[in-house]
Amino acid sequence: MALRAAVLRHLRVPVQFFALARRECQAPLCSGGSLRQFSSHDDHLTKDEVIERVLSVIKCHPKVDPSKVSPDVHFQKDLGLDSLDTVEIVMALEEEFKLEIPDKEADKIDSCDLAIEYVYNHPMAS
């Protein structure tokens, strides 16, 4: 029950209502006089927005030199971060984009490029 409440607090479903005249509405589903359409998540982030925000999150990490951050940088090899720092960055990305990254996927994110691709391809990133 607590999980359901937590999910419902963060779930957003854009809804649009269109009033239809009764004579135009012949389908049984819209006999109530209105048609409800769900968004296909058209407000998805652009690649440039994701890159900018991911790099910003990484630059804000206390152990990172902001001048070394670029879209193709590796967390451990190029920035000298350890596994705990990588976990902190992934958690910061979850917070920034309001999404939850499963542990199996989080373990694979070890560079800016992988973080950008994961967030960009995630359907609930906002």
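The values are calculated or read from the model by the stated rules, or taken from the named source; none is laboratory data. In this text, all values refer to a predicted model and were calculated from it rather than measured experimentally. Cβ: placed from backbone, ideal geometry, glycine included. Neighbour counts: every protein chain shown. Accessible surface is based on the protein model in full, side chains and every heavy atom, while ligands, DNA and RNA are left aside. Shrake-Rupley method; radii C 1.70, N 1.55, O 1.52, S 1.80 Å.
Below is a table of values for the structure above.
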| read-out | value |
| --- | --- |
| Accessible area (Å², 1.4 Å probe, nearest 10) - Val73 | 10 Å² |
| Protein accessible area in segment 55-126, 1.4 Å probe - carbon and sulfur % | 51 percent |
| Ile51 - accessible surface, heavy atoms, 1.4 Å probe, Å² rounded to 10 | 40 Å² |
| Spatially proximal aspartates and glutamates relative to Lys47 (Cα-Cα < 15 Å; intrachain offsets below 8 disregarded) | Asp72, Asp113, Glu117 |
| Of the GluC sites (Glu not before Pro) in segment 44-126, those whose Cβ has at most 16 other Cβ within 10 Å and which sit in DSSP loop | Glu100 |
| Positive-end extreme of charge dipole, segment 74-116 - chosen from Met91, Leu81, Ala115 (charges on Cβ) | Ala115 |
